[in-house]
Each structure stands twice: as structure tokens, then as C-alpha cells.
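Enquirer: Pasting a structure here, questions to come.
The values are calculated or read from the model by the stated rules, or taken from the named source; none is laboratory data. This structure is a prediction, so every number in the text was calculated from the model and none was measured. So basically every Cβ, Gly included, is an ideal-geometry build from the backbone, and we count neighbours across all protein chains shown.
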Amino acid sequence: MPSRPPETGLARLLPLGWRRWTLWLLLAVLVLLMLGVMVYLAGRYEASQVQARIDRDTSDALGDIRGGLTRNVQSLQALQASNPTPASWAIEAGELLREHREIVRIEWRDSHLQVLSQVDTPYRSKLFDRSGRESAQTDVSLACATARRFNGPAYSSSYFVPRLDGLGLEVVELCMPLINAGRVSGYVLATYALQEVLANLVGRQLARSQEISFTEADGTRLALHGSARRGTRMFTAQQLLDLPGNTLVLRLDSWHSAPSLFPNVMTALVTAMAIALVSVLVLLAKDTRRRLAAERDLADALAFRKAMEDSLVTGLRARDLQGHITYVNPAFCQMVGFELEELLGHGMPAPYWPPDLVSEYEQRQAIRLAGNVPPREGFESVFMRKDGSRFPVLVIEAPLINAQGLQTGWMSAFLDISEQRRIEELSRASQERLQATARLATVGEMASLLSHELNQPLAAISSYATGSMNLLRQGDSTVTPDIEMALRRIAEQAERAGRVIKSVHDFVRRRDQAREAVPARRLLEAIMPLVTLQARKLGVRVVTDIEPNLPEVMCDRTMVEQVLLNLARNGMQAMDQPDIRERVLRIQARKAASNEANGWLEWSVADQGAGISEEVGQQLFTPFFTTKAEGMGLGLSLCRTVVEQHGGYLGFERLSPNGTIFRFTLPVKKNPAP
């Protein structure tokens, strides 16, 4: 049997090679098939996206046309709103044609379709120059019949109008009936150029890359508008424009090139890279866990710091190097009354600066922003709340340093020291009251000493006056009545001075003053000699007014006389000014109104001086406060004390146009119970 040739062994090896290559070939075929399917699906998806966009654009264009036609109907109706004449109607219709290029002619016809007025568009030559208006009378009649049947606007079928230039327009008529008292009184006809409708009522963006046209049901194009064809593949969308009396087909054509292969290959590559991303995600998962742990620690630290900042009563504020606020805490917002949004990013002047201190604060901030470090102990300032109230603050500022050691701004801390200032003011007022009390105590001691020392000279004056009268009576010379009256007055005033000193001594020693029932007229008569002397010296006319049958008052006679004398002297001194010509002092006593059975007696002393200012009136009865160069400031204070010890009230009022009246009350003598 012959042996096989050597190539027979090679033939045995071929199936193994073919199997290996077959596997690689099948793998390559599968990859190519997958890529082909992906490209095919991507192309289909791209085509569906383009078609969907074309459909949306067609719907948008249809909506634009319908909206424009509806607005035009309203504008045509407005032409008849004011019962126009043909001449005024033509003017308004011309304005309407200038605003709407899609309308080429407007006519006003009567109920028999006779033309009353007509206007052609200024942008074209007259529409019916070549064929005449009668050629379209059938379309007009049909459109108006339909409008009369619908009782509203109606459109005619489209028709072609030839032009003198050899071209023409595809137009459609709009007939709108004019209803008056339920009857048709006329019509308004508007002639639309379909090509101008596409050019003016459809958005320009739609016409830049697409071709828009009106077609009939069989596909015949009536009007066309849009860009030239680009690409090899056409996408078409059609929708019906259903108008009253007529229906048109709106068609949108768009040309695109074949779907690009490169984006689809990239889609396949992204799928292949997804496998590599899985391994990356494993590494990212570990890193994410570490990041989450760090973020939790950071969030806890931020929450802890925020809780501390929110619980502070000290206001905190951070600013950048330009002076803009970058941070404030809730305590600062509550302090100034502004919200966080109102303060962040605000520069100078700050909204919480008082307007009258803005220039001063701006100079201080300019020095601070120049790099000058403020004192560590801080400085005092005044802020203004949102409601306009002001309050003092203690400001402590320091440079704001970042992690790199660079200054990025200024950090400030604020303390509201209003309560501290109030306590200091109370302490100061208490100190002043203690000093006033000490001075009053000194005055009391001086009054006791003076009362003790002056009693003997006054007694001697009274004795010498009495002795002088006795000697004059025993002598040979005749005593004149004036000398005797003068000596008697000297003795009386000396005795009265003694009583005054005794009353002051008892008042200072807080003893019970002896009160007696005294008629009001007798109190006035006791001080009138001294009042008359001073009134004569100052040129003052004294007018007294004592109501008749006044009851007696229960009082310390000497002290009440001093109150009346002091008020009268103050009133006369208030009128001792060159610009006051009429100087009248009025002293009045009358029964005061009261709920008690016996009531009160009211005294009033009125002058015509310059009056008392608001600022002086607030301190008028304060001890040691005076407006006189030689005064001690105790007169009115002692007068009020005397009146209040009697249970009465001493006050003053301003008179118009000028002057002041002082009033005080005294208790009247109570009648014994029956």
C-alpha cells in the first residue's frame, strides 16, 4: 500500500488553524454586527428625534398662524368700534396695513356687498390692477355668505391673482360681518397673501433651516417660504389649518445629511469603557468611604461651632480687606435688628451706623483698613438699630488670619453696654442725690445757726423801735404820723422776721408746725407792703382778685406767707426786662373744685414775663437749680415742700402768648360735724 504524501500532514493541521481563525472571525463579525446594529439604531433614533422636532415645529408654526389671524380679526373689529366715516376708516385701515404686511387689502362694504371704502397695502402695487376686483366677486360672495351663516368671520377658498409684473399672489379672503341690532349692516373684507402669512406670522427661527408651505389636499403648493435645501435626506410634517369656511394644509420640509458614524462609534466605545469604570468604581468606593467619614467629622465640628456661635451673647462680625461684611452671628443680628441677608456683602456706610456719625466712622474704618491694629482692650462706639433707637457698644477688633498666615480681613466682637451705662447713670444720680442731701443737711444746720443768732438782733430791733416811739411820745416835739407809722412797721417786720426764722427752724427740725385758721385776705395783706415796695421799684402793677366769702384755710401762716411772697417776687423779677412794656402781676384766690365736702383753696400768681422753656421747666423745682446769678436754687424747692406738707400741690403753666402762672392749693377749715 503506497504511503501518503507529506502535504497530507499539513492538511491535518488546517482544521485547527481554521477553527482558531473562525473563532476570531466570528468574534469580529459579532463586533461588527453589534456596531452595525448600534449605528442603525442610532440612525433611527436620530431620525426619530429629527422627525419629532419637525412635528413640534409644525405645531408651533400652526399655533403662530392661528394666533396671528385671531389678533388680526380683533384689529379689524376695532376699526368699527367708534362708528367711523369712510374717510376716518380709511386712515385707520392704512395704519393697520402698515403694521400687518400679510394683509394686502382691506375693504368696507355695505350689506349688499357694495364697496364703501378700500385701502391697499403700501408695500405692494395695487392687487387687482390687472384682473380687476370683479374677478374675485364669486369668492367674496361665498365667503360673506358663510360668514353670515356662521354669524362670525369666514374665509374663502384660495385663488391666484395675476400681477402686471408677470408674477402673482395666492390669496384668501376673510369676510367679517358687522352686526347692528341683531342684523348684518355691512362687511369688512381682508385679503391675505398666503406667502406673506408664512413670512410674517411664523417665527423666523423656524424658517431659517426649514421650508414652510401651504398646500392643497392633493399636494399642490399654494405658497412657499423658507431656506434653500441642505442635505440629502428630507423630513416632512403636515398639519391641517382648519379655518371657518376653508381648510389649508401647512407643510414643513427639512433636509438633513445622513447620520454621522462617529457619534455612534463613540457610543460603542463608551459601552466598552464602562467595564473599565467598574474597576475604577471599586477604588472610588473605598475613597468615598474615607471622604464620608471625614465629612461627618467636619459636619460635627461645624455644628459644634455653629451651636457655640448661636449661644453667644457677644455679637461677631467678619469683614474682608475692602470693608464688606462676610459673616455675622445671630447675636449681632439681634443686637442691631437687621436680618442676615440685609448685612452680608454690605460695605460702608453700614446700615447700623447713625447718620450723623457716618463721616467719623468712615475715617476710623479707613485707618483700620489701612492696617493699623486697634487696641486689644477695645473702644466704645454707638450703633443704631433698624427701628432708629441707638445704643452704646464696646468694640474689640483683631486681624483675621487664614491658614496660610495671610490677613484676609478683620474680626470684630461687640458687647451691648446699654445696661452697664444705665447702672452707671443710676449710680451717678444716686451720688448726686446724696450730695444734694448733704448740702440740704448743711443748709439745715446753717438755718438753725442763723435762726439762733438772728433772734437776738431782731428782738433788739423790735425793742429799739418800740423805745423810739415811746421816747418820741414823751418828748416835747410833736410826733408826725409818718414817723410813727414807719417805726410801727419796723417793729412789725422785725417780729415777722422772727416768726419766719422760727418757722424755718421748726421746718428744718421736722417739728409739727402750728397750723391755724387764717382768712385768705389776711394772708395777702401780710405780704402786700413788701410786694408793693418791690413792685414800685420794678415798675410793676399788682392786681389782686380775692373771691368773696372764701372759707378760712388751715395752714402755718408764716410759711404760707413766705410761699406767696417768693412767688410774687419771682413773677416781678421775670418781668424785669427792657422789652416788656406792660408789667402786670396778678394774684388770685378762689375756691378749687374738689370731690371733698369742704374742698380746697387755690392761689395763683401770674406774670407777663418771657415764660419758662421746656428744658428749664423739667428742673425748676430741683434743689440748687437756679437761673439767677445771685440765686441759691432753694426758693421754689422749699415752696413746693411747704405746700406738699400742707397736703396741697404746687405747679406752673405757660400762658399765651407769653408769661407764666403758678398755682398751689391749701386745705380749707373743715366744718365741725353736726
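Enquirer: Go through segment 647-667 and give me each residue that's touching a Phe, Trp or Tyr at 6+ places or on another chain (Cβ under 9 Å) and either modelled with pLDDT under 85 or not in a strand (DSSP E or B) (or both).
Expert: Going residue by residue through segment 647-667, those that are touching a Phe, Trp or Tyr at 6+ places or on another chain (Cβ under 9 Å) are 647-653, 660-667.
Passing the criteria: Gly647, Gly648, Tyr649.
Enquirer: For segment 323-344, which positions are out of contact with any Gly (no Cβ under 7 Å at 6 or more places or on another chain) and closer than 18 Å to Ala398 by Cβ? Steps first, please.
Expert: Taking segment 323-344 first, the residues out of contact with any Gly (no Cβ under 7 Å at 6 or more places or on another chain) are 327-328, 330, 333-334, 336-344.
Tyr327, Val328 - these are the residues of segment 323-344 that are out of contact with any Gly (no Cβ under 7 Å at 6 or more places or on another chain) and closer than 18 Å to Ala398 by Cβ.
Enquirer: Follow-up question, since we're still on this one. Return the total of residues in segment 148-168 being in a strand (DSSP E or B), touching a residue at least 60 places away in the same chain (Cβ under 8 Å) and not hydrophobic (A, V, I, L, M, F, W, C). Before the answer, list the steps.
Expert: Start the filter on segment 148-168 by keeping residues that are in a strand (DSSP E or B), which leaves 154-155, 159-162, 168.
From what's left, touching a residue at least 60 places away in the same chain (Cβ under 8 Å): 154-155.
Cutting the leftovers down to not hydrophobic (A, V, I, L, M, F, W, C) gives us 155.
Total meeting the criteria: 1.
Enquirer: For residues in segment 583-596 being under 54 Å from the mean Cα position of the chain (by Cα) and of a type in the set (A, V, I, L, M, F, W, C), which is modelled with the lowest pLDDT? So that I can check it myself, show each step before the final result.
Expert: Step one: of segment 583-596, the residues under 54 Å from the mean Cα position of the chain (by Cα) are 592-595.
Narrowing the set further to residues that are of a type in the set (A, V, I, L, M, F, W, C) leaves 592-593.
Numbers: Ala592: 78, Ala593: 67.
It comes out as Ala593.
Enquirer: Any idea which of Ile527, Ile587 is assigned to a helix (DSSP H, G or I) and buried (at least 17 other Cβ atoms within 10 Å of the Cβ)? Spell out how you get there, then give the answer.
Expert: On the way: Ile587 fails: assigned to a helix (DSSP H, G or I).
None of the other options fit; the residue is Ile527.
Enquirer: Could you list all residues from segment 91-116 that are crowded, with 17+ Cβ neighbours inside 10 Å and either outside the structural domain of Val202 (by TED's automatic domain parsing) or not basic (Lys, Arg) (or both)?
Expert: Pass one, segment 91-116, residues crowded, with 17+ Cβ neighbours inside 10 Å: 92-93, 96-97, 100-109.
Passing the criteria: Glu92, Ala93, Leu96, Leu97, His100, Glu102, Ile103, Val104, Ile106, Glu107, Trp108.
Enquirer: If only one of Thr215, Thr146, Thr138 is under 26 Å from Arg56 (Cα atoms), among the hydroxyl-bearing types (Ser, Thr, Tyr) and surrounded by fewer than 22 Cβ atoms within 10 Å (Cβ to Cβ), which one is it? Break it down into steps so the answer makes sense when it comes.
Expert: Details: Thr146 fails: under 26 Å from Arg56 (Cα atoms); Thr138 fails: under 26 Å from Arg56 (Cα atoms).
Of Thr215, Thr146, Thr138, the one residue that is under 26 Å from Arg56 (Cα atoms), among the hydroxyl-bearing types (Ser, Thr, Tyr) and surrounded by fewer than 22 Cβ atoms within 10 Å (Cβ to Cβ) is Thr215.
Enquirer: While we're here: If you scan segment 597-624, which residues turn out to be at pLDDT 85 or above and either in contact with a Phe, Trp or Tyr (Cβ under 7 Å, 6 or more places away or on another chain) or not in a loop (DSSP other than H, G, I, E, B) (or both)?
Expert: Trp600, Leu601, Glu602, Trp603, Ser604, Val605, Ala606
Enquirer: Residues being of a type in the set (Gly, Ala, Ser), over 14 Å from Phe383 (Cβ atoms) and under 27 Å from the mean Cα position of the chain (by Cα): count how many of those fall in segment 298-343.
Expert: Filtering segment 298-343 for residues of a type in the set (Gly, Ala, Ser) gives 299, 301, 303, 307, 311, 315, 318, 323, 331, 337.
Those still in the list that are over 14 Å from Phe383 (Cβ atoms) too: 299, 301, 303, 307, 311, 318, 323.
Next, from what is left, pick out any that are under 27 Å from the mean Cα position of the chain (by Cα): 318, 323.
Here the count works out to 2.
Enquirer: Quick check on segment 189-197. Is at least one of its residues surrounded by fewer than 22 Cβ atoms within 10 Å (Cβ to Cβ), among the small types (Gly, Ala, Ser) and touching a residue at least 40 places away in the same chain (Cβ under 8 Å)?
Expert: Filtering segment 189-197 for residues surrounded by fewer than 22 Cβ atoms within 10 Å (Cβ to Cβ) gives 194-196.
This time we only want the ones that are among the small types (Gly, Ala, Ser), so: none.
Among the residues of segment 189-197, not one is surrounded by fewer than 22 Cβ atoms within 10 Å (Cβ to Cβ), among the small types (Gly, Ala, Ser) and touching a residue at least 40 places away in the same chain (Cβ under 8 Å), which makes the answer no.
Enquirer: May I ask you to list the residues in segment 186-227 that are at pLDDT 85 or above and polar (S, T, N, Q)?
Expert: Thr191, Gln195, Asn200, Ser213, Thr215
Enquirer: Pairs only if they're at least six apart or on different chains, beta carbon under 8 angstrom, first in segment 306-329 and under 10 Å from Gly409 (Cα atoms), second among the basic types (Lys, Arg); list them, first residue then second.
Expert: Ile325/Arg317; Ile325/Arg319; Thr326/Arg319
Enquirer: Being small (Gly, Ala, Ser) and assigned by TED's automatic domain parsing to the domain that holds Ser381 is true for just one of Ala299, Ala318, Ala307. Which residue is that? Walk me through it before giving the result.
Expert: Details: Ala299 fails: assigned by TED's automatic domain parsing to the domain that holds Ser381; Ala307 fails: assigned by TED's automatic domain parsing to the domain that holds Ser381.
After applying the criteria, what remains is Ala318.
Enquirer: Could you give every pair whose Cβ atoms fall below 9 Å, whose first residue belongs to segment 122-134 and is closer than 17 Å to Ala90 by Cβ, and whose second residue is in a loop (DSSP other than H, G, I, E, B) and of a type in the set (S, T, N, Q), counting only separations of at least 6 or pairs across chains?
Expert: Between residues of segment 122-134 that are closer than 17 Å to Ala90 by Cβ and residues that are in a loop (DSSP other than H, G, I, E, B) and of a type in the set (S, T, N, Q), the close pairs are Leu127/Thr121.
Enquirer: Also, I was wondering about something else. State whether one or more residues within segment 534-546 are assigned to a strand (DSSP E or B), without any contact (Cβ under 8 Å) to a residue 60 or more places away in the chain, basic (Lys, Arg) and loosely packed, with under 13 Cβ neighbours inside 10 Å.
Expert: Residues of segment 534-546 that are assigned to a strand (DSSP E or B), as a first pass: 541-546.
Right, trim to without any contact (Cβ under 8 Å) to a residue 60 or more places away in the chain and you get 541-546.
With the extra rule that they be basic (Lys, Arg), the set shrinks to 541.
Of the ones still in play, those that are also loosely packed, with under 13 Cβ neighbours inside 10 Å are 541.
Yes, segment 534-546 contains a residue that is assigned to a strand (DSSP E or B), without any contact (Cβ under 8 Å) to a residue 60 or more places away in the chain, basic (Lys, Arg) and loosely packed, with under 13 Cβ neighbours inside 10 Å.
Enquirer: Among the residues of segment 385-408, how many are under 22 Å from Asp356 (Cα atoms) and assigned to a strand (DSSP E or B)? Quick ask: steps written out before the conclusion?
Expert: We begin by selecting, within segment 385-408, every residue under 22 Å from Asp356 (Cα atoms); these are 385-395.
Remaining after also requiring assigned to a strand (DSSP E or B): 390-395.
Looking only at that region, the number is 6.
Enquirer: So which residues in segment 113-145 are touching a Pro at 6+ places or on another chain (Cβ under 6 Å) and either under 23 Å from Ala87 (Cβ atoms) or in a helix (DSSP H, G or I) (or both), if there are any at all?
Expert: Leu116, Ser117
Enquirer: Right, another one. Could you list, in sequence order, the residues of segment 296-330 that are among the charged types (D, E, K, R) and surrounded by 11 or more Cβ atoms within 10 Å (Cβ to Cβ)?
Expert: Filtering segment 296-330 for residues among the charged types (D, E, K, R) gives 296-297, 300, 305-306, 309-310, 317, 319-320.
Selection gives Lys306, Glu309, Arg317, Arg319, Asp320.
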